[in-house]
Each structure stands twice: as C-alpha cells, then as structure tokens.
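What follows is a single structure, written as structure tokens, with notes after it.
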Amino acid sequence: MVIRSQRSEAEERLVGALRATFDASVMNFGAYNLLYAENLSGSLQQLQEGPELSALEAVASARHMLLGYRREPVEMVLCPVDLREALPRMEHTNHDDAVPRVPVPVNLTNLAGMATEGTLVRIALSAGTELNLDVQEVVEFRARPEVPLHQGRDVEDFYDFLDHFMNSVEQPP
C-alpha cells in the first residue's frame, strides 16, 4: 500500500531538509519516526561548535530539536538541528551536504523521569540534565513562515510512544 501524504510539495521539501540532519547524525536513521520540537530549556537559537560542549550539553542547550523514536528497542534520540543550516536545503533535493550533529540517545539506561503536560514533554536524564520540549502539531519557522510543518499525526504517534516507553520503564526485568 502506498501512503499518500497530505503535505504540500514545499512542506515535503521542509521535512526532507530536517530529516537530512537527522539521517546524517544517527546510525540506523531509517528505524526512527521523527518530529520537530522546540527545547524551551535551550538557550542557543543556533548551535555552537567546539570541544567545550559535550554532546549532552549541546543537546541541552540547543533550542531546535529533532526527536527520533522507535518502539523496538524502545529508545528516543535527541538530535539538535541548526535551522540556519537546514532550512536552506529546502531549495534542492540533494541533501548530502547536511551537517551531522552529535545526538543523545534516551533509553532505559539513562532516563530518570518523563512527564507530559499539554504540549510540553519534560525529560530528565540520569546525568542530571532536564529538557522541556514543546511538541506542536503545527510549527512555523520564522525563516520560512510560508511553509508550516504539519505534524499532527506524528505528535499523536509520539504520545502513544511515550506511553509505551513509560510502560517499559515500569515493567520489572
């Protein structure tokens, strides 16, 4: 069966540009569902490079985030995205120039807690890092306001995944 998208051609190019960052950054990238979230805990509108930030610090401080998630094995991947680098890729179909980022996996070994309230997803990691992710069904980027990202189905699936994830955490080994 062929799944037909409700997205416009421009929105498909937006999704492709964002997905390219995730694909360049994550091994087995095809095994993950993906959506965009704004990290309200992040203070950096654009990513800073350099050895002074660990992968966890870079993720915690990034304002723009791609969330990859899969049910088997149960895992989430937090991948920062620099919109200055990603959004211009909408103009072409070859995304080989995507700049990889260092993602942070979230799984049963490093999750300290998780909670949801409305569109907010709070994730606490065992290293002491906490993220507050705003997960919206429709996202408008300042640099491309004419192309909103509709991710309502993805958000619904993500919340189902979070239930599955927490059930996995609560089950005894």
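Hey, with R₀ at 22 Å, roughly what FRET efficiency would Glu117 and Ser43 work out to, going by the Cβ-Cβ distance, to 0.05? Plugging the Cβ-Cβ distance into 1/(1 + (r/R0)^6) gives 0.55. With the convex hull of the Cα atoms taken as the outline of the range 69-167, the averaged projected area works out to 7.6 nm².
Plainly put, the range 90-136 has a radius of gyration that is 1.16 times its Kirkwood radius, both from alpha-carbon atoms, as the Rg/Rh ratio. With axes computed from alpha carbons, what is the tilt in degrees of helix 9-25 against the longest principal axis of the chain, rounded to the nearest 10 within 0 to 90? The helix 9-25 is inclined about 50 degrees to the chain. Rolling a 1.4 Å probe over the heavy atoms of the protein chains gives the chain an accessible area of 54 Å² per residue.
Given the -39500 (n - 2.57) contribution per DSSP H run of 4+ residues, what per-residue ellipticity at 222 nm results for the chain, rounded to the nearest 500 deg cm²/dmol?
Calculated at 222 nm, the ellipticity per residue is -8500 deg cm²/dmol.
Ligands, DNA and RNA left out, the accessible area of the chain computed with a 1.4 Å probe is 51% carbon and sulfur. In the range 108-160, the C-alpha radius of gyration followed by the widest Cα-Cα span (Dmax) gives 13.7, 41 angstrom.
In the range 64-113, inverting the average of 1/r over every pair of distinct C-alpha atoms gives 12.6 Å as the Kirkwood radius.
Would you calculate the volume per residue, in Å³, of the smallest convex hull containing every Cα atom of the range 1-152?
Numbers: hull volume 19.8 nm³, N = 152.
Considering the Cα atoms of the range 1-152, their hull volume per residue is 130 Å³.
The values are calculated or read from the model by the stated rules, or taken from the named source; none is laboratory data. The model shown is predicted, which means the values in this text are computed figures rather than measured ones. Reconstructed Cβ throughout: ideal geometry from the backbone, glycine too, with neighbour counts over all protein chains shown. To get the accessible areas, we keep the full protein, side chains included, count just its heavy atoms, and leave off ligands, DNA and RNA. Shrake-Rupley method; radii C 1.70, N 1.55, O 1.52, S 1.80 Å.
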